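We did not get these values from a lab; they are worked out from the coordinates using the rules stated. Model, not experiment: these values are computed from the prediction. All Cβ positions, glycine included, derive from the backbone under ideal geometry; neighbour counts span all protein chains shown.
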Amino acid sequence: MKQTLMTPGPVPLPPEVLAVLALPMEHHRTPQFLALFARVLTNLKKVFVSNEPAFIHTSTGSGAMESALVNCLSPGDHVISIVSGKFGERWADMAEVFGCRVTRLEVEWGKAVRVAEVDLLLKKNPDAVAVLTQACETSTGVLHPVRELAQLTKDLKTVLMVDAITALGALPLPMDEWGIDVMIGGSQKAFMLPTGLSFISFSKKAWALTATSKIPKFYFDIRAEQKANASGESFFSTSVTHLRALDRVLEIFLSRGLHKVHARIQALSKATIVAARELGLTILSEVPSPSVTAILMPDGVDSAKVRAHMETAANVIVMGGQDQLKGKIIRIGNMGAITDNDLSVTLRALVQAIHAEKPGLISDESLAKALAAAQGILQETPAVLQ
Ligand SMILES: *Cc1c(COP(=O)(O)O)cnc(C)c1O
């Protein structure tokens, strides 16, 4: 049975990207590869919508989270960290490991941060060097108000660092226009690549911090990377295979139009949400991110069992919940080369799996309505990513 991969990373890859991944190896210092590297760096900036350079680390997304901290901060620096789920916790923990003084702004899981609360914290803590936030907190499917947060920090010394690993490439985040200071992305999410690359860019304000930052760094030293990039090379060996595939993905993004890529992901999100509601299910997030949809399971239905059933009975892969959401939600990704049919297959598998737990909970009529509603929404938006 064909696997239907519906997780919020890794995501299904377009066939033309898979084909590039199978090409023979070449060396990363050849003129041909360096031409590709230059093109990739130029095109990557267009996804950040920034005039500042974009950098590539050969690491998973968490590497770029670390890079943001070690390149801009010093031990003892005061950092405000918005913690609304697993990834917020990770970034706050990381900042503590590097000796920063972290004030955690705890947000109920499933809720978006209140801009007024951040405003108040910034007023009370004028010494804050950085505010850390996710754009989308992937563990809950919440979209945070990044644009409004950037407005708060714009005229302060404080920089806004945004983990946009499930947002960059999935929704508009114009870095310069909004005044985001550090933004990061990851290859296996909206970039439709295998896991193993991360992306980062710095505003002028954040770049100034890299000159004085005292946290030790070597592999992620962005000023060394910048020097290497300026002479057309990468600081270390780069992953030729990933870079060639990234080149192809950027071509897909730019030739088809980033707004169309965003629209497709938005349509999948809307279709998933509307279908879930037709099935009588509730969406966890009060502000759902287009990139991932977290659906609460009915009372008495264990989402871990639903997830496992979907996998064994239909080979549909979705994610469950972690920690306080364990057993409570399933998370469906909306990024990557997902076909209209993939969503139908997923919805059928979901209903079948819920029935295995609580027979008769969802009527055939509701399922038919959910499928029709989802397909109606998807048909309005071209599937530009396949
Ligand atoms: C996936 C993800 C990460 C971590 O990325 P890795 O590639 O697993 O290191 C960090 N933040 C968010 C919001 C994510 O979705």
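Among the listed pairs 46/227; 124/205; 46/154; 111/189; 46/189; 157/260, give every one whose C-alpha distance is greater than 27 Å. Can you show the working numbers first?
Values: 46/227 21 Å; 124/205 22 Å; 46/154 21 Å; 111/189 22 Å; 46/189 17 Å; 157/260 36 Å.
Checking Cα-Cα distances, 157/260 exceed 27 Å.
Which residues does a label at residue 19 reach in the stretch 347-386, if reach means a backbone N under 18 Å from a point 7 Å past the Cα toward the Cβ?
Under 18 Å, as judged by backbone N against the label point of residue 19, lie 384-386 of the stretch 347-386.
If we count chymotrypsin sites (Phe, Trp or Tyr not before Pro) as exposed when they sit in a DSSP loop and have at most 16 other beta carbons within 10 Å, what is the longest stretch of the chain that avoids them all? Display every interim value, and only then the final one.
On the way: sites that count: 218, 219, 236.
My reading of the result: 1-217 is the longest stretch.
Counting helices only, and only those DSSP H runs with n ≥ 4, report the 222 nm mean residue ellipticity of the chain as the sum of -39,500 (n - 2.57) divided by its residues, in deg cm²/dmol to the nearest 500. It would help to have the intermediate numbers written out before the result.
Values: 14 runs with 171 residues, N = 386.
The helix contribution divided over the chain gives -14000 deg cm²/dmol.
Pulled fully out, how much extra length does the chain show between residue 52 and residue 364, if you take 0.36 nm times their separation in residues and subtract their Cα-Cα distance? Could you put the intermediate results ahead of the total?
Values: separation 312, 0.36 × 312 = 112.32 nm, distance 5.31 nm.
The span from residue 52 to residue 364 would gain 107.0 nm if fully extended.
What fraction of the Cα pairs in the chain, stated in percent, has a spacing above 34 angstrom?
Values: 21542 of 74305 pairs.
Considering the chain, 29 percent of its Cα-Cα pairs are separated by more than 34 Å.
Report, ordered by chain and residue number, the lysines lying within cross-link reach of residue 305, taken as a straight Cα distance under 22 Å and ignoring same-chain residues fewer than 8 apart.
Hits, sequence-local ones excluded: 2, 86, 326, 328, 358.
Would you mind ranking 157, 305 so that the residue whose beta carbon has the fewest other beta carbons within 10 Å leads the list? Mind dumping the intermediate values first?
Details: 157 13, 305 16.
In order of increasing Cβ crowding within 10 Å: 157, 305.
I want to verify the translational diffusion coefficient of the stretch 244-386 in µm²/s; compute it with Stokes-Einstein, Rh as the Kirkwood radius over Cα pairs, at 10 °C and 1.306 mPa s. Before the final figure, lay out the partial values.
Values: Rh = 15.6 Å.
Roughly 102 µm²/s, to the nearest whole number.
Out of the GluC sites (Glu not before Pro) in the stretch 48-128, which ones are loop residues according to DSSP with at most 13 other C-beta atoms within 10 Å?
Working: sites: 66, 89, 96, 106, 108, 117; in loops: 108.
Filter output for the stretch 48-128: 108.
Between the stretch 202-246 and the stretch 46-119, what is the separation of their alpha carbon centroids in Å?
The distance from the Cα centre of the stretch 202-246 to that of the stretch 46-119 comes to 18 Å.
Taking 35 Å as R0, compute the FRET efficiency from the Cβ-Cβ separation of residue 223 and residue 258 and round it to 0.05. Walk me through the intermediate numbers first.
Values: r = 29 Å, r/R0 = 0.83.
That pair, residue 223 with residue 258, gives E of 0.75.
Name the helices (complete DSSP H segments) of the chain with a Cα length along the long axis of 20 Å or more and a Kyte-Doolittle mean of at least -0.5, or state none.
Values: long enough: 31-48 (26 Å, 0.78); 240-256 (24 Å, 0.44); 258-278 (30 Å, 0.11); 340-357 (27 Å, 0.17); 364-379 (22 Å, 0.36).
Helices meeting the criterion: 31-48, 240-256, 258-278, 340-357, 364-379.
Give the Debye-formula value of log10 I(q)/I(0) at each listed q (0.17 Å⁻¹), with one equal scatterer per alpha carbon of the stretch 303-386, two decimals each.
Reported log10 I(q)/I(0), two decimals: -0.75.
Write down the Å³ per residue value for the convex hull defined by the alpha carbon atoms of the stretch 45-171. Let's see the in-between values first.
Working: hull volume 13.5 nm³, N = 127.
Per-residue hull volume (Cα only) is 106 Å³.
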